[in-house]
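Below is one structure, written out as structure tokens; comments come after it.
The values are calculated or read from the model by the stated rules, or taken from the named source; none is laboratory data. Owing to the predicted nature of the structure, the values given are computational and were not obtained by experimental measurement. Every residue, glycine as well, gets a Cβ built from its backbone with ideal geometry; the counts of neighbours run over all protein chains shown.
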Amino acid sequence: MPNSDGSRHRLNGFRNALESYRRFRDAPNLAPGPDVLGDVDVPTPTNLILYGPPGTGKTYATAAEAVRLCDGEVPEKRSELMARYAKLREAGQSRFVTFHQSYSYEDFVEGLRPVSPDTGGEVSDGDGPGFRLAPVKGVFREICARAEQARKRGGSAPFDMGERRVFKMSLGRAGVEDEVYEGALAGGYVVLGWGGEVDWSDPVYKDYEAVKARWNEIEPGVSGNSGNVVQVWSFRGHMREGDLVVVPAGNHAFRAIGEITGDYRYDPTGFRTYNHRRDVRWLLKLDEPLGVDEIYAKPFTQQSCYRLSDDHIKREALARLLPGEAIEDDLPPDQFVLVVDEINRANVSKVLGELITLLEPDKRLGGENEIRLTLPYSGDAFGVPDNLHIVGTMNTADRSIALLDTALRRRFVFRELMPRPELLAAASAATGIDLGEFLRRVNERIEYLVDRERQIGHAYLMACHTRAEVDEAMRLKVIPLLQEYFFEDWGKVALVLGDPTGQRFLERIKLKPPPGLDDDGAEPRVSWRVRDSFPLDAYGAA
């Protein structure tokens with residue numbers, strides 16, 4: 001049963017989060033701090049893209065934005081920020097996806113996948129008899145469903161999980177025995193199809209061996225792994241009042257959650273062998289199933305009734321799906337953030353499709369001009385909740401912002417993150433090298449020779465604590481990046497490094513013409529290579 005001390009602790013924490021949200025709401029220009037996104041206060045957008053050269057802290061900035069949008073404030077310490085970000089991801093309030101050239105609408109929104117009727121709607125490998133193609137939700141539709149459920153949960157704190165155990169409880173096969181599921185929801189109970197026409201009410205059947213012995217009277221020699229033994233004992237003897245039951249929709253999704261409120265009772269229904277019941281209070285009934293990975297780290301198994309492993313339950317995420325103690329009528333819903341890394345690497349217009357219209361703040365669910373569109377594969381009416389925020393990152397060294405779809409640019413706020421040499425003060429003190437000044441010189445030369453979008457970010461050098469670590473970062477990260485920028489034009493790489501004669505980071509070697517060409521007056525050629533070790537003055541002014 002719930003732990004009262006734990007309940008008070010959770011409730012106090014939720015009230016603190018609410019107060020933080022109000023401070024954030026009443027001060028919309030609040031920025032996460034100069035150590036994250038610069039000194040300029042900017043309005044918090046619903047749709048935001050952070051763009052800039054590589055190594056400028058875009059990924060870290062998305063974590064700060066996610067925490068700020070969900071909590072209303074950002075911890076000052078990096079370790080605390082990342083710990084809170086990890087908690088939000090564990091709770092399902094923040095999701096992370098990386099776009100790439102092959103990423104599609106079917107991956108992001110929904111697409112058709114092979115489904116076998118024998119698996120109750122579970123996605124199969126397509127080899128089973130009679131498989132069909134069915135719409136399966138992508139990451140964006142999944143987080144939208146989660147955010148919409150939070151809007152419906154309304155003014156309550158997260159559910160008090162306490163020490164409750166959680167069971168998977170099948171209620172007929174999805175799409176095949178829906179009358180079993182619908183009857184259970186309407187009647188406020190769960191029902192088991194194993195156990196035949198035996199009344200298991202006698203207290204002796206709380207013991208597993210008693211259940212096994214009784215069933216052996218019906219089927220002599222039956223093993224202890226029989227569903228009529230294992231399932232009956234789990235439902236009759238192991239489950240108790242206060243425990244939660246999760247009703248699956250196939251092995252990869254769930255469609256309802258309830259709280260056990262009564263003991264086992266024998267109650268023949270007249271429908272096959274569904275004769276065994278327990279009363280429940282339904283806490284969650286989903287119009288469309290959510291992925292099991294929202295609340296559990298593994299797919300469900302085919303067993304009808306079994307206890308889920310505590311090690312794999314995402315208790316915080318589960319608690320935030322369910323209604324808890326009422327706080328206030330105007331309590332804002334949980335905020336959700338989808339982080340899209342490398343958003344410019346995919347064909348964004350193709351990935352988003354008709355969603356491009358739904359992303360506008362006033363057209364969100366709950367907005368002034370709320371819109372729902374019909375999705376092409378499932379035919380479902382779909383809208384984007386107003387408590388879902390999208391934060392993307394864009395590496396300008398890969399593709400210019402000017403190449404993005406104009407419709408996308410109109411719907412997003414773009415915030416530039418450029419190299420910040422001043423953040424290298426600690427690394428400079430630790431290594432004895434003025435890394436800030438060195439980075440400034442390098443980036444000025446890159447901007448002169450190419451453009452400002454292909455500079456070197458401060459993040460490449462921030463973690464350096466020794467001269468050897470700086471040398472390694474230069475050899476393995478910075479110089480290879482310069483090679484890419486200048487298409488292996490080593491002469492320009494040398495100019496950027498302030499090393500035109502090959503005395504610092506590079507070695508300039510003259511190649512003599514091979515025999516047979518020297519008589520024709522062939523000129524020597526120059527070859528470059530990265531030095532095995534850099535001289536002490538390599539990072540000095542040049």
Exercise for the section: Inspect all residues belonging to segment 240-263 and state whether any of them is in a helix (DSSP H, G or I) and touching a Lys or Arg at 6+ places or on another chain (Cβ under 9 Å). Expected result: no
Exercise for the section: Could you name every one of the strands (runs of 3 or more DSSP E) located completely within segment 320-399 that has at least 3 residues being of a type in the set (A, V, I, L, M) and either crowded, with 17+ Cβ neighbours inside 10 Å or free of Cβ contacts under 8 Å to residues at least 60 places away in the same chain (or both)? Expected result: 336-341, 388-395
Exercise for the section: For residue 494, state whether it is modelled with pLDDT of 95 or more, touching a Pro at 6+ places or on another chain (Cβ under 8 Å) and surrounded by 13 or more Cβ atoms within 10 Å (Cβ to Cβ). Expected result: yes
Exercise for the section: Looking only at segment 249-260, decide whether some residue is in contact (Cβ under 8 Å) with a residue 12 or more places away in the chain and of a type in the set (D, E, K, R). Expected result: yes
Problem - residue 538 touching a residue at least 24 places away in the same chain (Cβ under 8 Å), surrounded by 13 or more Cβ atoms within 10 Å (Cβ to Cβ) and in a loop (DSSP other than H, G, I, E, B) - result: yes
Fill in the blank from the handout: Selection over segment 214-231 where residues are in contact with a helix residue (DSSP H, G or I) (Cβ under 6 Å, 6 or more places away or on another chain) and surrounded by fewer than 18 Cβ atoms within 10 Å (Cβ to Cβ) yields a count of 2
Exercise for the section: Test residue 376 against the criterion of being touching a Lys or Arg at 6+ places or on another chain (Cβ under 6 Å) and not assigned by TED's automatic domain parsing to the domain that holds residue 455, and give yes or no. Expected result: no
Handout entry: residue 489 vs. criteria surrounded by fewer than 20 Cβ atoms within 10 Å (Cβ to Cβ) and either among the charged types (D, E, K, R) or more than 24 Å from residue 424 (Cβ to Cβ) (or both)
Key = yes
Fill in the blank from the handout: Taking segment 286-308 and keeping residues under 20 Å from the mean Cα position of the chain (by Cα), among the charged types (D, E, K, R) and either crowded, with 21+ Cβ neighbours inside 10 Å or not in a loop (DSSP other than H, G, I, E, B) (or both) leaves 288, 293, 294
Exercise for the section: For residue 204, work out the one condition from (1) under 24 Å from the mean Cα position of the chain (by Cα); (2) surrounded by fewer than 21 Cβ atoms within 10 Å (Cβ to Cβ); (3) of a type outside the set (D, E, K, R) it doesn't fulfil. Expected result: (1)
Practice task
Determine whether residue 168 is closer than 24 Å to residue 312 by Cα and either in a strand (DSSP E or B) or among the basic types (Lys, Arg) (or both).
Solution key: yes
